[in-house]
1. Dipole magnitude of the range 9-99 about its Cα centre, charges +1 at Lys/Arg Cβ and -1 at Asp/Glu Cβ only, in debye to the nearest 20?
2. Quickly rank 15-23, 83-91 as a protection proxy: mean count of other C-beta atoms within 10 Å, highest first.
3. Any idea which of SER65, LEU77, GLY14 is furthest toward the positive side of the dipole for the range 9-99, if Lys and Arg beta-carbons carry +1 and Asp and Glu beta-carbons -1?
4. Which order do peptides 63-76, 36-49 fall in by mean Cβ count within 10 Å, highest first?
5. Per 10 Å bin, what is the whole-percent P(r) computed from every C-alpha pair distance within the range 9-99?
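Bear in mind that the values in this text are calculations on the coordinates, not laboratory data. Computed from a predicted structure; not experimentally measured. Here the Cβ positions follow ideal geometry from the backbone for every residue, glycine too, while neighbour counts run over all protein chains shown.
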Amino acid sequence: MQEYCTLTRRELSGFFLSLTGYIVIAAAAFLKGRPETNGKLGAVGFCYGGGMVNYLATQLRSDLSAGVAFYGSAPDLEDVPKIKAPLLIQSAENDDRISGHGGGERIPGCRWRR
C-alpha cells in the first residue's frame, strides 16, 4: 500500500492547528467588517476553543476586544507580549496538559487569582 502522508501524528496535528488558525482569523476579519456590527470582536471558547481564543489574542492583538478561555492551551511564552486584549482565562492550576508550563510556572504579565 502506498503511503500518502509522511507526516508524523504531531506534525499533522500542528498542520491542522495552523490551518484552523488561519480559518478562524479569516472568520474574525469577516465578522469584524460586517455593517450590522459595531466593529468590536470578542471570543469565547472551551478546551480546543479556549486554545483558539488564546491563539486569536496573540494574532489579532488590539483587533480582539476581549476573550474568555475555559481550559484552553496556553500561548507560547514568546507570544504573550503580543496580547493586547483583556482576557479572562479559566485554567486548572495543576493540569500540565492545559497549562503546558510545569504546573506552577506562571505566564509573565498575568495576574493570577485563586
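1. 320
2. 83-91, 15-23
3. Ranked along the dipole, the leading option is SER65.
4. Descending packing order for the listed peptides: 63-76, 36-49.
5. Going out from 0 Å in 10 Å bins, the range 9-99 shows 17, 49, 29, 5, 0 percent.
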